[in-house]
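All remarks here apply to the structure that follows.
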């Protein structure tokens, strides 16, 4: 059994503050430990469930957030910046499923820890074919293009609701309950790492309920940027991209990677 694991940081147990999430900030080094230990718990549980190959992608910011010397030896780790066109290196159709670990709600989600879609500084929201989308839907599509279903999503309660509303049959595990953008009712990280074993086993046992998620084209992507100057830089050629107003630009294409690449 081959599993691809994508790990973000905002949904990891014990994390709620902006000072925990960025290299050089006060609590970042502690957060790297939390991230690495929770990732190790997932890898250990997958090995116990019978996984024979595991690739883990560091999907937060720079892509270099794990503490390398603490990583579980039972997986291969993708670290460092990657292009959207190759967001998940090593992924192909031979994988049996994917996990989205430590994810967060899409931009604009109320009572969600660190809600955003790829960048709080750049985008207010992304709307694809008339529907608001976040990283859960987009990443599930990138896996689905290879016929790989998402089996498990973990993060705060808002993340879990978004995953269940987007992906049929997916298992979810709640690491915290959001009180606001930078506040949550937290489970102890040690408890979360223990409970993840059961969550992983449940996801593997129920994997037949999950189907690859694919957003059908052609694609119309409306990006509402965080400022008018960003929208101006993206501009619009009047054909494949159209400036709708001071903040929003519409992008059109038959290929989702291309349309996302132009909009982001």
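No value in this document is a laboratory result; all are computed from the given coordinates. Because the structure is predicted, anything quoted here is derived from the model rather than measured. So basically every Cβ, Gly included, is an ideal-geometry build from the backbone, and we count neighbours across all protein chains shown.
Here are a few things to note about the model shown:
- Gaussian network model of the chain, springs between alpha carbon atoms under 10 Å - residue of 249, 172, 150 with greatest fluctuation: 249
- Nitroxide proxy distance, nm - points 7 Å out along Cα→Cβ at residue 237 and residue 62: 3.5
- For the chain, modelled as a GNM whose springs connect Cα atoms under 10 angstrom apart, the maximal fluctuation among 156, 254, 139 occurs at 254.
- Note on the chain: with a GNM built from Cα contacts shorter than 10 Å, the maximum mean-square fluctuation among 191, 29, 20 falls on 191.
- Extension gain, residue 86 back to residue 228 (0.36 nm per residue minus Cα-Cα distance, nm): 48.2 nm
- A Förster radius of 25 Å combined with the Cβ-Cβ distance from residue 201 to residue 53 puts the calculated FRET efficiency at roughly 0.90.
- Checking (i) 115; (ii) 174; (iii) 134 against the coordinates, the calculated volume of the Cα convex hull per residue in Å³ falls under label (i).
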